[in-house]
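K.L.:
Have a look at the structure that comes next, please.
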Amino acid sequence: MGVTLDLFAALAPEGAWTVSEVTRQARAVVEAGLPPLWVRGEISGFKAWQSGHWYFALRDRASQIRCVMFQKDNRRLPAAPADGMQVFVFGRPTVWEDKGEFRLTVVELLSTERGGLWQLAFEKAKAALAKDGLLDPARKRPLPVHPWRIAVVTSPDGAALRDIIAVTRRRWPVAELLVVPTRVQGDGAEQSICDALALLGRIEGLDVAIVGRGGGSREDLWTFNSERIARAVAGAPVPVISAVGHETDVTLCDLVADHRAPTPSAAAEAATPDRSEVLAALARLGARLGRGLATRAERTGQRLERSFDRLAAAATRRLERHRHGLAALGGRLDALSPLRILERGYSVARDPDGRVLKRVAQFPPGRAFRLRVSDGEVAARVPES
Amino acid sequence: MPGEPSFAEQLERLEEIVRRLEAEDLDLDDALRLFEEGVERLRQARERLAAAEAKVKQVVADHAGNLRVEDFDG
């Protein structure tokens, strides 16, 4: 007992360290001795706080380290890691003085599993979309063949918009392009794109919309894997062409859109017909129209011709009949001809004026007259009594 | 200028006219009427394809949520 008291007495009170002094010293030693480093381990006891900060432990078979990843650092990640996930973290070892705890302040976190957190986030959102039927190919709407108003949801000063304008002017200059300006990467891009997509329903006479951006890093393009954007695309009132400038990675926006184009230029090509082809098709229709009418007229002509032929044939037959009749008539007329009668021995007497003398009274004595016989005329006179 | 009837309807009607002219045994009168309609629709369709350059505009929503369409100079 006394020993104990002695022990306390032997130590000058001012020689004892306070808790704060020890933890401060430990922190200084740890931070000086262990520079920021990469640590490999398995996530355990993950918890995301209301503040947005993440707390978890990193462990291997024998040990574990408490970790914190602040909201300003973790918001760049597409998804939170899950317990049991193998990860690399880059962090600064330190001692939290208020708890006297050795910890790692994590500023970067990579999953070692295939595709990592990005893949995890992607698969999660994709599953949610699939569950609601939004990935069903039967949902996809056909693009209009001849669009007059095309909305373009993209950055107003990006290369994507310039490409879309150039292609549309070349192929289908009759269309009107309506730019719906939006951010396409970084903070606020997701909200901005959702807002722009929500405007589409209020644009009158809209035929089709293109949503997208030019190429960029995976992180730049990640916005287009947002489940919210995918749902906004699915809810658009007109068919949507997605053009997120990356040939290999397919975004959720691509999967939900009615048509996926690998580049903004390709999106404009998909949205528009080639005017010269449409004009050529019109010309073909015009030619068929002309031929159709010509055929119709020809048929009518043929019909008329056939009618005419029948008419002519009928007329000819009638004519023939009449001709026979005339011949017979001619025969009869012939028989009645006075010449025939003269041949049979009769003769006709006429006065010098040519009047036929038919009665005795017309022959006074001394009357000169002419006698017509079958082969000529002779002069004659009635004797003077 | 999303017009009435739509370009697609115009084309559809044109094709129908051509098909009827080609296939049906029509009176010359009916054929002529169809032909004239076809020629008129063809003319209108060509007219609609005559625009010189695609117009580019920009849709802007103000704070009150009203939409405005402005010329775009990008």
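The values are calculated or read from the model by the stated rules, or taken from the named source; none is laboratory data. Owing to the predicted nature of the structure, the values given are computational and were not obtained by experimental measurement. Positions of Cβ are generated from backbone atoms using ideal geometry, with glycine treated the same way; all protein chains shown enter the neighbour counts. Heavy atoms of the whole protein, side chains included, go into the accessibility calculation; ligands, DNA and RNA do not. Shrake-Rupley method; radii C 1.70, N 1.55, O 1.52, S 1.80 Å.
K.L.:
Where in the range A:60-104 does the amide nitrogen come within less than 16 Å of the point 7 Å from the Cα of A:A16, taken along Cα to Cβ?
P.N.:
Within reach of a label on A:A16: no residues.
K.L.:
Can you send over the solvent-accessible area of A:T272, 1.4 Å probe, protein chains only, in Å² to the nearest 10?
P.N.:
A:T272 exposes around 10 Å² with every protein chain in place.
K.L.:
Same structure again: Which whole number gives the average count of other chain Cβ atoms within 10 Å of the Cβ atoms across peptide A:292-300?
P.N.:
6
K.L.:
Size of the dipole of chain A about the Cα centre, Lys and Arg at +1 and Asp and Glu at -1 on the beta carbon, nothing else charged, in debye to 20?
P.N.:
4440 debye
K.L.:
Starting from the residue with the highest accessible area, list A:E277, A:E204 in decreasing order, probe 1.4 Å.
P.N.:
The ranking, largest first, comes out as A:E204, A:E277.
K.L.:
Using Cα pairs under 8 angstrom and six or more residues apart, how large is the relative contact order of the range A:176-230, in percent?
P.N.:
RCO, the range A:176-230: 42 percent.
K.L.:
Amide H to amide H, which residues 5 or more places from A:V180 or on other chains are under 5 Å from it, using H placed in the peptide plane?
P.N.:
A:V152, A:V153, A:T154, B:V59
K.L.:
Just want the answer: with Cβ charges of +1 for Lys and Arg and -1 for Asp and Glu, which residue in A:S217, A:P264, B:L26 is farthest toward the dipole's positive end in the protein assembly as shown?
P.N.:
B:L26
K.L.:
Please give the average number of partner chain Cβ atoms lying within 10 Å of the Cβ of each residue in B:25-31, rounded to a whole number.
P.N.:
4
K.L.:
Quote the FRET efficiency, to the nearest 0.05, computed for A:Q302 versus B:E40 with a Förster distance R0 of 25 Å and r equal to the Cβ-Cβ distance.
P.N.:
Rounded to the nearest 0.05, the efficiency is 0.35.
K.L.:
Right, another one. Given the -39500 (n - 2.57) contribution per DSSP H run of 4+ residues, what per-residue ellipticity at 222 nm results for chain A, rounded to the nearest 500 deg cm²/dmol?
P.N.:
Computed ellipticity for chain A at 222 nm equals -13500 deg cm²/dmol.
K.L.:
Can you find, among A:P364, A:L339, A:L329, the residue sitting farthest towards the positive end of the charge dipole of the range A:263-385, where Lys and Arg contribute +1 and Asp and Glu -1 at Cβ?
P.N.:
Sorting the options by dipole projection puts first A:P364.
K.L.:
Determine how large the accessible area of A:C194 is when every protein chain is in place; take a 1.4 Å probe and give Å² rounded to the nearest 10.
P.N.:
For A:C194, the solvent-accessible surface is approximately 20 Å².
K.L.:
Can I ask one more? Using only helices, what value at 222 nm comes out for chain B when you add -39,500 (n - 2.57) per DSSP H run of length 4 or more and divide by the total residues, to the nearest 500 deg cm²/dmol?
P.N.:
-17500 deg cm²/dmol
K.L.:
Which residue, A:F88, A:L77, A:A26, has the largest displacement toward the positive end of the dipole of chain A when charges sit on each Cβ (Lys, Arg +1; Asp, Glu -1)?
P.N.:
Going by the Cα projections, it comes out as A:L77.
K.L.:
Using a 1.4 Å probe on the protein heavy atoms only, what accessible surface does A:R370 show? Give it in Å² to the nearest 10.
P.N.:
Approximately 100 Å² of A:R370 is accessible to the 1.4 Å probe.
K.L.:
When only DSSP loop residues count, what GluC sites (Glu not before Pro) in the range A:339-385 have their Cβ near at most 11 other Cβ atoms within 10 Å?
P.N.:
A:E384
K.L.:
Any idea what the relative contact order of chain A is, in percent, if you count C-alpha pairs under 8 Å spaced at least 6 apart?
P.N.:
Reported relative contact order: 10 percent.
K.L.:
Computed FRET efficiency, Cβ-Cβ of A:K72 and A:A166, R0 45 Å: what is it to the nearest 0.05?
P.N.:
The formula returns an efficiency of 0.65 here.
K.L.:
Calculate the mean, over all residues of peptide A:168-179, of how many other protein chain Cβ atoms lie within 10 angstrom of the residue's Cβ.
P.N.:
Average per residue, whole number: 5.
K.L.:
Can you give me the long-range amide H partners of B:K55? Hydrogens built in the peptide plane at 1.01 Å from N, cutoff under 5 Å, separation of 5 or more residues or another chain.
P.N.:
Sorted by chain and number, the residues that satisfy this are A:L177.
K.L.:
From Cα pairs below 8 angstrom and at least 6 apart in sequence, can you work out the relative contact order of chain B, rounded to a whole percent?
P.N.:
Taking the mean separation of contacting Cα pairs over the length of chain B, I get 22 percent.
K.L.:
What is the dipole size for chain B, taken about its Cα centre, with +1 at each Lys and Arg Cβ and -1 at each Asp and Glu Cβ, in debye to the nearest 20?
P.N.:
Dipole of chain B, to the nearest 20 debye: 420 debye.
K.L.:
So if we plug the beta-carbon distance of A:A26 and A:A198 into 1/(1 + (r/R0)^6) with R0 = 51 Å, what FRET efficiency do we get, rounded to 0.05?
P.N.:
In this case the efficiency is close to 0.40.
K.L.:
Take every DSSP beta bridge with both residues inside the protein assembly as shown and express the antiparallel ones as a percent of the total, to the nearest 5.
P.N.:
Bridges in the protein assembly as shown are about 65 percent antiparallel.
K.L.:
How would A:F224, A:F102 line up by accessible area, probe 1.4 Å, largest first?
P.N.:
A:F102, A:F224
K.L.:
Take the residue pairs A:K99/A:K124; A:K140/B:K55; A:K124/B:K57; A:K126/B:K55; A:K72/B:K57; A:K47/A:K131 and return only those whose Cα atoms are more than 30 Å apart.
P.N.:
Over 30 Å apart, Cα to Cα: A:K99/A:K124; A:K124/B:K57; A:K126/B:K55; A:K72/B:K57.
K.L.:
Keeping every protein chain in place, order A:E108, B:E9 by accessible area at 1.4 Å, biggest value first, i.e. largest first.
P.N.:
From most accessible down to least: B:E9, A:E108.
K.L.:
Quick check: the angle from helix A:19-33's long axis to the longest principal axis of chain A, C-alpha only, nearest 10 degrees?
P.N.:
Tilt relative to chain A: about 60 degrees.
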